[in-house]
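Encoded as structure tokens, the structure appears first; notes follow it.
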Amino acid sequence: ESTRRTLGAGGDAEVNGSLATFGLQREIQMAGYGLSSEPRAMGCKVNAQYDTSGTPMGITLAPVVITPGSGTAPDEITILYAATQTSSVPISITENHPQTQEYFIVSSALGIRAGDQLIAVPETISASSECTLLAATDDAATPATTLGLERIPHASTNKWNQSSLYPAGGYPPNSFLINVGRLVQKTYSVSDNNALQVETLSSSNGAAST
């Protein structure tokens, strides 16, 4: 009976390990989808915040980030990719975009829909000029707030749009946008009871659920 229990527990452990590895493999194969079309953007810190009362986030624009655990704590694996069925070709910003402006003038807004999440990438990335996560809007109230062939509004009516996060110098021409549709961020870690757990960022309210 003791041998049977030992073999059974070992088999269960192997099955659980295989399932966990399969889950990680599936997510890692998706890592970087829709984000890596422009190598210049890789490694940029993406500033994001949902609502004015939300917690500011700094997301590293990289397919996979491994964060070493402190002491004997296990490492964390963060996977990032875009959930979009439209084109992920970078969209060139053709006119200067000041920090307080609520629309981009671009070379083409083809494929952009209201509600799509976008990452604005500055022409030159630095500590004072970083990337920003925002969302396209379209209310047709005025030309400035209407989504057009060469205009992408991002009004404060969408709670992902926080102008305070944009660089003080704005986004000059030759900066660009990446349409991610919905940004997917999942962080895998091992819990205190040795279970694989995943923390997922919600695009609907900016909260993380484990």
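The values are calculated or read from the model by the stated rules, or taken from the named source; none is laboratory data. The structure presented is a predicted model; accordingly, all values stated were derived computationally and were not measured. Cβ sites come from the backbone with ideal geometry, for glycine too, and all protein chains shown count toward neighbours.
Total residues in the range 37-56 satisfying the condition of being over 18 Å from I178 (Cα atoms), touching a residue at least 24 places away in the same chain (Cβ under 8 Å) and not acidic (D, E): the figure is 5. Only residues that are part of a loop (DSSP other than H, G, I, E, B) and of a type outside the set (S, T, N, Q) were counted across the range 150-161, and they come to 5. When each of L110, L177, L147, L133 is tested for being part of a loop (DSSP other than H, G, I, E, B), modelled with pLDDT of 95 or more and aliphatic (A, V, I, L, M), the lone residue that passes is L147.
Quick grid of which residues meet (1) touching an Asp or Glu at 6+ places or on another chain (Cβ under 7 Å); (2) surrounded by 17 or more Cβ atoms within 10 Å (Cβ to Cβ):
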| residue | (1), (2) |
| --- | --- |
| Q49 | no, yes |
| V64 | no, no |
| G71 | no, no |
| V89 | no, no |
| E130 | no, yes |
| A136 | yes, yes |
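Cβ-Cβ contacts under 6 Å between residues 6 or more apart (or on different chains), taken from a first residue in the range 194-210 that is within 27 Å of E14 (Cβ to Cβ) to a second residue that is in a strand (DSSP E or B) and not hydroxyl-bearing (S, T, Y), are listed as V198/K186; E199/A208; T200/K186; T210/Q197; T210/E199. Do we find a residue being among the hydroxyl-bearing types (S, T, Y), without any contact (Cβ under 8 Å) to a residue 40 or more places away in the chain and farther than 14 Å from L183 by Cβ anywhere in the range 21-35? Within the range 21-35, one or more residues are among the hydroxyl-bearing types (S, T, Y), without any contact (Cβ under 8 Å) to a residue 40 or more places away in the chain and farther than 14 Å from L183 by Cβ. For the range 38-46, the condition holds for no residue, the condition being that it is at positive phi and surrounded by 13 or more Cβ atoms within 10 Å (Cβ to Cβ). Of the residues I66, I28, the single one that is in a strand (DSSP E or B) and in contact with a strand residue (DSSP E or B) (Cβ under 8 Å, 6 or more places away or on another chain) is I66.
Among the residues of the range 72-107, the one identified as within 20 Å of Q185 (Cα to Cα), of a type in the set (D, E, K, R) and assigned to a loop (DSSP other than H, G, I, E, B) is D75. G148 meets all of the listed conditions (1) out of contact with any strand residue (DSSP E or B) (no Cβ under 8 Å at 6 or more places or on another chain); (2) without any contact (Cβ under 8 Å) to a residue 60 or more places away in the chain; (3) surrounded by fewer than 14 Cβ atoms within 10 Å (Cβ to Cβ) but one, namely (3).
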